[in-house]
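Structure, as C-alpha cells:
Just so you know, all these numbers are worked out from the coordinates, no wet-lab data involved. It should be emphasised that the depicted structure is a prediction, and the values quoted were computed from it without experimental measurement. With ideal geometry, Cβ positions are generated from the backbone for all residues, glycine too; neighbour counts draw on all protein chains shown.
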Amino acid sequence: MNRRSLICVLLAATAAAAQPAAALPPLRAQLVDDATLATLSGRYYDAQMLVGLRVDLISSVATPQQGAAAASGSLLVLREGNGFSVRSDARSSASGGGDASASALASGAESVHMQGIGQIAQIAGDGNRLSNLAAIEFVDPARANRDAAGFNGQTRSDSAAGAMHAQVTFLDGGVQVGVQAPGVSLQQRVDAGGLGGIAQSGRIAGDGVVAGNRLQLQIVSAAMTPQMSRELGLQQALEGLRALPR
C-alpha cells in the first residue's frame, strides 16, 4: 500500500468515527436472575467445579414396648487426580421389646418410583410422631471429608431383634435403608439409575411410636486449578480422538 492509499484509508476511518452518535445502534442491557445464570457453564481458572458428593441417611424407630431399631449409611465420593476415591459406612442396630398388637400392620413403599425428591407419610393411631427430613447443600472438600476417617468401609449392615429389623445396603448406583417394627415401616432410597430420585417413606399403624427418616446430600465443589484445567482439556482431547472414524 503506497502513501496516498494509506492517507485515504485513515481519512475514511476518521470520517466514520466522526459520525453522530445517533447513527450507532442503541446500547441494550438485560437483567437476569440467579436461576438464569445458573444455566450457564464455563471452565476457567478459579471457577467452582463439582468434585464429588456425599450422602448420609438415617432411619430410626422407637416403640412404646421399649423396642428400638436404627440404620444409617454414608457414601463419600471425591475426585482425586484422574480418578475418584470412594468411602462408605454402613451401620445398624436393633433391640427388642414387647410385641405390639398383632392387628397393627404397615407396609412399605417399595413399589413407588419417584423422580426428584419424594416423601410419603401415612399414620394411623394415637400419639405417633413421624418425620421425613431431606437437606441438600454445597460444601467444600474439607467439610465433606470432616469425619470420613471414621467410616467402617462396609456396604451392607443388617440387624434384627425379635420383630425389630434394620438394614442398609449400597446397591449399584444407589443406596437403600429400611427399618421395620410391628406396625411400622420406614424406607429411604437413593437411585442414580433410570429416572433417578430420592424417596423417603414412613408408615405407622399403632400408638405411641416415634420414627423418622433423615437424609443429607452434600454436593462438593472446589475452585478449578491449572492442573484440573489441563486434565479436563486432555480428557476432552481423548474423547475427540475416540470419535474419529477408523
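Here is how the numbers come out for the structure above:
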| read-out | value |
| --- | --- |
| Centroid-to-centroid separation of region 155-176 and region 205-238 [C-alpha atoms, Å] | 22 Å |
| Cα-Cα P(r), region 108-191, percent of pairs per 10 Å interval | 12, 37, 36, 14, 1 |
| Two-site label geometry, residue 129 and residue 236: point separation in nm, points 7 Å out along Cα→Cβ | 5.3 nm |
| Within region 66-88, backbone nitrogen closer than 19 Å to the virtual label 7 Å beyond the Cα of residue 147 toward Cβ | 69-78, 87-88 |
| By average C-beta atoms within 10 angstrom, highest first, the peptides 170-180, 214-224 | 170-180, 214-224 |
| Theoretical FRET efficiency, 1/(1+(r/R0)^6), r = Cβ-Cβ of residue 137 and residue 223, R0 25 Å, to 0.05 | 0.90 |
| Percent of beta bridges antiparallel (DSSP, region 48-222, rounded to nearest 5) | 75 percent |
